[in-house]
Structure formats: C-alpha cells, structure tokens
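Report on the following structure.
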Ligand code: AHG
Ligand code: MN
Ligand code: MN
C-alpha cells in the first residue's frame, strides 16, 4: 500500500531540516485549516444562497461578494487563534489588522478569495497569501515588506483542493486534498519548476483590454500571439496555477489607452502585497520571474501602502525577459 505524506508532516521535516522554530508550523496549520473551511463554505455556498453580492463596495471600490466576507472572516479567525501573527493585511480591510503585536512573529498578507467573478458560477477561486517575518536581530521596519523578504507564499485553489506552497530558498511544492480532507503530497515529490520550453508555453491576459495597453505591449502581443495557446479564466490564482505547470506568461499590463481616460489604470489592476508578490515569489522559487510595467522585478518593489497596485508580467524566465526588452526599449 502506498501512502502519501501529509502537509504537516512535510512541514515538520522542513522545519527540522532547516533547524527552524515550530512557530511557522503553528501559523501554517491555521492557514490550512482556514483554507479547508473556505473550501467547505464554497462547496455548499449555492445551497445556502451565499454566492451573491453584499451590495457593499470594498477599499478597492469593487463589489464585495458574500463569499469574500465569509472567507476573510474565516482567515482572520484562525490567524488570531494561532497567536503567531503581528499584523495581517487583507484585501477586504482598509487598514492592516492588528492581531498579536507583542507576541506575534509574522506579517501575513492575503487575498481571501481571488477571482470573485467566478463565484456565482462555482468555478475556481483562490486563497492567496504571503508571509514575512519580524526582524529579531536588527531594527524593525514595520509591516510592509518587499517581496524578496518573504519567507513563504501560497495559493489554495478552491474548490479544486490543490495547494501550491513556495518556501524561501527551498522551492515550490504542490499538495492535494485527499478523501480525509488532508492536504497530502506523494512521498519524495520533486519541487515544481516552471517549464522554460516554448513547446508548452501559454499566454494569459484579458484580451478585451488589449487595445488599452501601451503600444509596446500591443506590438509584443502581435508578434507573439501565434506562437502560443491562449488561456484566461479571470482569476490570477487559477491562471497562474495553470501557468506554473505549462510555462509561458500571465500578464495584467498597465491600462493607458482606454477610450475613457478616467478608466485608465497606469498601475495595472492587481495588488502588490497579496496578489502580484504571491505569484512573483512562487515564480522565483520555481525558477521563473516577474516584472512590472517598467521591467522592475516585482519582488524588489518597496511597498508604500497596503493596497497599492502594480502591473504584472509573470512566468517563464525567457519569455518574461523577452517582454522586458520590449518594455524597456527606448
Ligand atoms: P479579486 O476577485 O480578488 O478582486 O481579484 C480579481 C483579479 C484577479 O484575480 C484576476 O486576474 C483579475 O482580477 C481579473 O480582472 P479582469 O476581469 O479585469 O480580467
Ligand atoms: Mn484578487
Ligand atoms: Mn479577493
């Protein structure tokens, strides 16, 4: 009989191997518990009539779905119970939520439910998160950390039951929910690497926005689109998940040529701390790369506000390097 390794067993070995504390384990136990509850509420949501809108708009001026609220509350509850988190930055709250200022050790950035437009169709959404650690040696620099200082980032794909986790300097691993609602991984599973081979590459962007991108980006698309299959499901969590296996590039460029100028988004749409950084950190640990509209590495952007946006180009190294040449050309 072949038995898989549970997520917590995997983490225990990881922490012991790196001679690290168990506090991170306590945090991730809370995180995976939250993910399972979100999964449960999502799967049963249509029966309970909670897959609609609340009628409220959030910090971003976007409609809040009832499931956004439910997922956010679930995550905050388990983070609070864990006692390990100093502050949490969530898409659904204007200010960082203070959890355990004295005794906490981590900063937690999350999008409790990514891909809200998929909710009413019961299609894939994601719970995306990133973790940074308190500086115990030098001076503390507050709760907004740049991506290169993250210790971990992950995406739970819901309701698909797949969890992708990137650990700093260790790699990316994929866990699956089994029959007992345990996240498991085959024993001795290989770390995940983004293919850098054009044969499997795919492109992912919202093509309805195409004419609103800069001329440079439009030209790049024109020169490349025939080479690749095109996939877009409207949830970074899901689109990026697919890209990690097949390689290629996901992009959400700056919108600078909208026929209604007030609808331009020179900084793109995605949020740096809990969307772009999560994808960028996972990409880095999987051998890929992520840049913004200026060709700057996403992980090197110093955050100024909790909900700041950035354009995002993330995926296979060679392809991201290629669009970087176009973006930075004079
Ligand atoms: P959220 O549901 O958390 O607000 O995020 C939605 C984001 C992201 O997941 C996705 O890639 C993008 O919005 C899709 O935007 P468009 O509908 O403009 O393509
Ligand atoms: Mn999102
Ligand atoms: Mn969201």
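Give the number of residues within the stretch 264-275 that are out of contact with any helix residue (DSSP H, G or I) (no Cβ under 8 Å at 6 or more places or on another chain) and more than 13 Å from residue 291 (Cα to Cα).
Of the residues in the stretch 264-275, 6 are out of contact with any helix residue (DSSP H, G or I) (no Cβ under 8 Å at 6 or more places or on another chain) and more than 13 Å from residue 291 (Cα to Cα).
Select from the stretch 118-138 the residues that are within 13 Å of ligand 3 (Cβ to nearest atom), touching a helix residue (DSSP H, G or I) at 6+ places or on another chain (Cβ under 6 Å) and in a strand (DSSP E or B) and list them in ascending order.
Hits for the stretch 118-138 are 125, 126, 127, 128.
So for the stretch 48-58 (the condition being part of a helix (DSSP H, G or I) and under 23 Å from residue 108 (Cβ atoms)), does at least one residue qualify?
No, that holds for no residue.
Here are 231, 309: which of them is within 16 Å of ligand 3 (Cβ to nearest atom), free of Cβ contacts under 8 Å to residues at least 60 places away in the same chain and within 21 Å of the chain's Cα centre (by Cα)?
Details: 231 fails: within 16 Å of ligand 3 (Cβ to nearest atom).
It is 309.
Does the stretch 105-117 hold any residues that are away from ligand 3 (no atom under 16 Å from the Cβ) and out of contact with any helix residue (DSSP H, G or I) (no Cβ under 9 Å at 6 or more places or on another chain), and which are they?
Our first condition is that a residue be away from ligand 3 (no atom under 16 Å from the Cβ); within the stretch 105-117, this holds for 105-107.
Of everything in the stretch 105-117, just one residue is away from ligand 3 (no atom under 16 Å from the Cβ) and out of contact with any helix residue (DSSP H, G or I) (no Cβ under 9 Å at 6 or more places or on another chain), namely 107.
Across the stretch 87-101, what is the number of residues that are part of a loop (DSSP other than H, G, I, E, B) and surrounded by fewer than 16 Cβ atoms within 10 Å (Cβ to Cβ)?
Summing the residues that are part of a loop (DSSP other than H, G, I, E, B) and surrounded by fewer than 16 Cβ atoms within 10 Å (Cβ to Cβ) in the stretch 87-101 gives 4.
Taking the condition buried (at least 19 other Cβ atoms within 10 Å of the Cβ), closer than 30 Å to residue 46 by Cβ and either without any contact (Cβ under 8 Å) to a residue 12 or more places away in the chain or more than 16 Å from ligand 1 (Cβ to nearest atom) (or both), does residue 163 pass? Give the derivation first.
Numbers: buried (at least 19 other Cβ atoms within 10 Å of the Cβ): yes; closer than 30 Å to residue 46 by Cβ: yes; either without any contact (Cβ under 8 Å) to a residue 12 or more places away in the chain or more than 16 Å from ligand 1 (Cβ to nearest atom) (or both): yes.
Yes: the conditions hold for residue 163.
FYI, it's all coordinate maths here, none of it is from the lab. This structure is a prediction, so every number in the text was calculated from the model and none was measured. Counting neighbours? That spans all protein chains shown, and the Cβs are built from the backbone with ideal geometry, glycine included.
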